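Notes for the one structure printed next.
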Amino acid sequence: MKKKNIKLKHRFLPLTLLFLLFVLGFFYIRNAREFKTTYVTPVVSFKDKPILSSTSSATSTSSPSVVQNKDSLIPNIQAAPKITQNASGYCLNVPVLTYHHVQPESLAKQLGQISGTVDNGFFDQQMAYLASHGYHTITVAELVNALKSHSALPPKSLAVTLDDGYVDDYSYVLPIIKKYNITINLMIATGLVGNPDFISWDQLREMKGTGLVYFTDHTWSHYAVGRGPQDKIQYEITTGKQQLEQNIGQAVNIFTYPYGSFSPNAIQTLQQDGFIGAFSTIPGFLQCDSFIMTLHRNHVGNASLSAYGL
Ligand SMILES: [Zn+2]
């Protein structure tokens, strides 16, 4: 009797372990998925100036959802797909640098924004490097127009881009670009403007007044336009464009993909809306008219720009 029991146990032990593994695996995958998709939960009751709250609800076109932890707006650089785009047609060698937060590293630590932050001291050094090494900072419109018209740009042309419209564009970036006379491009998600930790329309207009700042559409609620329903994609693209044009007074026909997310459908929608160029998160210095709707950008961190091949 005892012997039989032991035998039975031996027979069922592997099966039980297999079952346990299966259950654990199921929950692991489910959690991983939830983690991936919940970056946009908090809600904003919103018309022209949305207010962030930490409660969550479904997304709708009248209330953009944004996050408390602002780092979640930032694409995961390590997870970015390694894509090589076909360099054909007319090409120019123009590095486009990508920044998110520029602020003291100690503050970034407090706010949980360390992965998306370049320390403002580093940013100052990087802009000084561009100025002293003969770089010519341009707007992304100058790059797109040169590619479209097959014309040349000044030697050592380079574009500096800052995504999402954080308040540190005003507090830390503005004094530095004035100091070195650097032109920058702000990729603005218009529904986030005026929220805590984000820049205001007044501050954006003041920055435009310096003549050093160019603006691109980065959707309304920082929406990944590479997927989702078509009416939402359309709404996000056109609302971002209209709100920027109305509040800033600059024509907007260049787009920047939130999270670097794009698709053939998103590109077609943009082109139908009159957009002539768009920026991805695919790295590379070469820009070609063959991929004018997915131009290259290069993430920059806390290091000398010489470490990035500049
Ligand atoms: Zn963004």
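Here, each number is a calculation from the coordinates, and none is a lab measurement. Note that the structure is a prediction, hence the values are computed from the model and not measured. Cβ placement follows ideal geometry from the backbone for every residue including glycine, while neighbour counts extend to all protein chains displayed.
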Problem - Cα convex hull of region 197-310, projected area averaged across orientations, nm² - result: 8.4
Practice task
For region 123-134, just list the computed ³J(HN,Hα) in residue order, Karplus coefficients 6.51, -1.76 and 1.60, θ = phi - 60°, integers in Hz, with x standing in for Gly and Pro.
Solution key: 4, 4, 4, 5, 5, 4, 4, 4, 5, 7, 9, x
Exercise for the section: Collect residues whose amide H, placed 1.01 Å from N in the peptide plane, falls under 5 Å from the amide H of His136; neighbours closer than 5 in sequence don't count. Expected result: Ser157, Leu158
Completion exercise
FRET efficiency for Asn86 and Ser306 from the Cβ-Cβ distance with R0 = 30 Å, rounded to 0.05, comes out at 0.55
Handout entry: FRET efficiency for Glu206 and His150, using Cβ-Cβ distance with R0 set to 35 Å, rounded to 0.05
Key = 0.45
Practice task
Name the shape class, rounded, prolate or oblate, that the alpha-carbon gyration tensor gives for region 116-260, where a ≥ b ≥ c are the square roots of its eigenvalues, rounded holds for a/c under 1.5, and otherwise prolate holds if a/b is larger than b/c and oblate otherwise.
Solution key: oblate
Handout entry: Straight-distance crosslink candidates among aspartates and glutamates, where the alpha carbon sits under 13 Å from Lys241 and sequence neighbours closer than 8 are dropped
Key = Asp217, Asp273
Problem - region 82-133: C-alpha gyration tensor shape, a/c 1.5 cut-off, then a/b vs b/c - result: oblate
Problem - Sequence-distant residues sharing a close amide H with Phe275 (under 5 Å, placed H) - result: none
Fill in the blank from the handout: When His222, His101, His296, His133 are arranged by how many other beta-carbons sit within 10 Å of their Cβ, fewest first, they go His133, His296, His222, His101
Problem - Gap separating the Cα centres of region 217-267 and region 118-155, nearest whole Å - result: 24
Practice task
Once you've got the Cα coordinates, tell me which of Lys156/Lys178; Lys148/Lys232; Lys179/Lys208; Lys109/Lys208 are over 24 Å apart.
Solution key: Lys148/Lys232; Lys109/Lys208
Practice task
Send over the per residue convex hull volume for region 96-198, Cα only, as a whole number of Å³.
Solution key: 99
Handout entry: Over 18 Å [Cα-Cα, region 106-150], rounded percent
Key = 56
Completion exercise
By the mean-Cβ-within-10 Å protection proxy, highest first, 183-195, 283-295 rank as 183-195, 283-295
